[in-house]
Amino acid sequence: KELEATFGDQIRDLTFNQGKVLIKLIYRETGNSSYDIVKDLRGGFSAFVWQTLAVIFGYDLKTTYDPLGDDKPIERIVKAIDNGEI
């Protein structure tokens, strides 16, 4: 409920691509997919429902993060932010 109160409006205002990047960054920071987090917090059925809705809208909550492969550009940006370059 705290996260919803703090970030709910900002998350709802994300573009499609920003939502996909958020899913990847959640994996990067936690080492768990968004699906696994929902499953741990809300249970398997709820995770299944959210994954189904995500797929309908073009997302995949089971997305992982590959800093040396497809997600290399995102990793460069995150590192530049962490180093104060951006």
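Odds and ends about this structure:
- The listed residues are 70, 40, and the only one of them that is among the acidic types (Asp, Glu) and within 17 Å of residue 3 (Cβ to Cβ) turns out to be 40.
- When the residues of region 1-26 are filtered to those that are of a type in the set (Lys, Arg) and over 20 Å from residue 70 (Cβ atoms), the one that is modelled with the lowest pLDDT is 1.
- Region 4-61, residues that are in a helix (DSSP H, G or I), loosely packed, with under 14 Cβ neighbours inside 10 Å and among the β-branched types (Val, Ile, Thr): 6, 11, 30, 49, 52, 55, 56
- The lone exception for residue 68 - which of (1) in contact (Cβ under 8 Å) with a residue 12 or more places away in the chain; (2) at negative phi; (3) loosely packed, with under 11 Cβ neighbours inside 10 Å it fails: (1)
The values are calculated or read from the model by the stated rules, or taken from the named source; none is laboratory data. Quantities reported herein were computed from a predicted structural model and do not represent experimental measurements. All Cβ positions, even for glycine, are placed from backbone atoms using ideal geometry, and neighbour counts span all protein chains on display.
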